[in-house]
Amino acid sequence: MCEILSRATEPWIDFAEKWIGVKAEDGFPLTKDGPGKSFVKVQNISRVDDLGFEFEERDYVLDEAQMPNFISPEIALVMFEAGKNLRLLRTHHPHHPLCHVGVVASSRPPSLKWLFDWNAIENLQTEVKQYENAMLQRTLGQSSEYNPPPRPDISVSVREPGMLQVFGNDGTQLEKQLIASIQALDQAPTIAVTQDVLSSLLENYIFQQEHQVRKNSSDFDLHWSLIPLHSFGPLVTSQARLINREYMKLLFSAHGLKEHLRVQREFQLLGNGMFCSRLSHALFDPDLETAERRTGVALNGGIMGLRMNGRETWPPASSELRLALMGVLSETYISPSSTESASFITETPDLPGDLSFALRDLPAEEIDKCMDPSSLEALDFLRLAYKTPAPLSPVLTSIILVKYDKIFKLLLRVLRMLYVVGQLSRDTSRMERQGRDAGDVWLRFRFEAQHLVQSVATYFFDTDRYS
């Protein structure tokens, strides 16, 4: 029965080895363009981008119904994620050693197979450790030096005798090959029967004595529920560790994940003080030159802003936004290369993810709220557009970008409230210079408003961010 179980699960084991990358994929490899195979299916997944629009994207999906019942859900998920991450690695880093089955095969990975005794399981764990150490040495020493061998030319490769060669042959040659194939099948080699494990087992156990069968069966002391876990778990988890370790390493070294996360914190979460100051002045400062176009009035060319608190028309035109917010992002972004270099940087650094200001698509009821410049929602149309690089898409997903956008909209309201209460202090100082008495009611309102807004801002910018 153990041999029958091993034979019945050979097709599934063969696909599992190819999926996690320890065995070469013959024929056409599994891609997102096909329907999938076995426990991996390819289907359209509905996602929401950072603009709030829903779109469909083809991706690999775990088909739990096609996963055998003897595989635990934990091992099944690890197996699926390992193969999915391996294909990400093949897409963005095709020359990595883990992407070439020849390099993996030279490290001698053990095969996925059923193990029914403790000695075999112990040997498997030893082989898995040796394979993982060998692959670690190869990824550390040969990841940049390995060149994949050239693929052999199929047209000049030597084919086995008797193999049907359809293309390029005429009818006479096809007939000869077909007759030779029939004759080869008619000749049943005796060695095939003698080397068949199942046939040998059936023959031996049918003709041996009953006490011998019982003696052999008494040596089996491994519970059936533990067999799949110890047979398939070590190699699957080891391969998953190798793939995840390498892809995470490349995310930080080759794709700058840390820098992209820093950009989200400094701009989407308003963690850059210079950016907050420049943005506040560009939006609210009444002393800047207006970016609003007026008939018969030429622009002076100085530092321009929207002057939100001192204008009658709202919302501003797209040209006004470009003039007012020009350079706010690029001039406040400090790239890692500029911080490490002692020389002056004359060129404007490229913002990660092509970060830029954009307009948010709002429903009709929220658009009406933006029409009033004195309302708290007057700036809800302004957003930061960020395009996630393809290798970072598993980390900075569209759902995460939507959450960043919601936080930016909230913090932009808080930033406006901070500027408004700061303006109250400036108005009080101006009244005192003019010799006018502000009055106790005005002063009390100013102090209470400052205390409330600064407490809310402190919570959002300091307490809640690091809690």
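Overview of values
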item: Condition met for L396 (at pLDDT 90 or above, touching a His at 6+ places or on another chain (Cβ under 7 Å), not basic (K, R) and not in a helix (DSSP H, G or I)); result: yes
item: Members of the range 70-117 that are modelled with pLDDT of 90 or more, charged (D, E, K, R) and loosely packed, with under 15 Cβ neighbours inside 10 Å; result: E74, R108
item: Residues (under 20 Å from E3 (Cα atoms), at pLDDT 60 or above and surrounded by 11 or more Cβ atoms within 10 Å (Cβ to Cβ)) located in the range 172-207; result: D196, L198, S199, S200, L201, L202, E203, N204, Y205
item: Residue check, V42 farther than 16 Å from L235 by Cβ, modelled with pLDDT of 90 or more, assigned to a strand (DSSP E or B) and out of contact with any Phe, Trp or Tyr (no Cβ under 8 Å at 6 or more places or on another chain); result: no
item: Total residues in the range 59-90, condition within 14 Å of the chain's Cα centre (by Cα) and touching a residue at least 12 places away in the same chain (Cβ under 8 Å); result: 11
item: Residues being closer than 20 Å to A378 by Cα, out of contact with any strand residue (DSSP E or B) (no Cβ under 9 Å at 6 or more places or on another chain) and part of a helix (DSSP H, G or I) - total across the range 305-335; result: 3
item: Residues within the range 429-464 that are loosely packed, with under 14 Cβ neighbours inside 10 Å, assigned to a helix (DSSP H, G or I) and polar (S, T, N, Q), tallied; result: 4
item: Candidates E259, E210, E266, filtered to the one that is of a type in the set (D, E), at pLDDT 90 or above and surrounded by fewer than 16 Cβ atoms within 10 Å (Cβ to Cβ); result: E259
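The values are calculated or read from the model by the stated rules, or taken from the named source; none is laboratory data. Just so it is clear, the structure is predicted and the values come from calculations on it, not from any experiment. Every residue, glycine among them, receives a Cβ derived from its backbone with ideal geometry; neighbour counts consider all protein chains shown.
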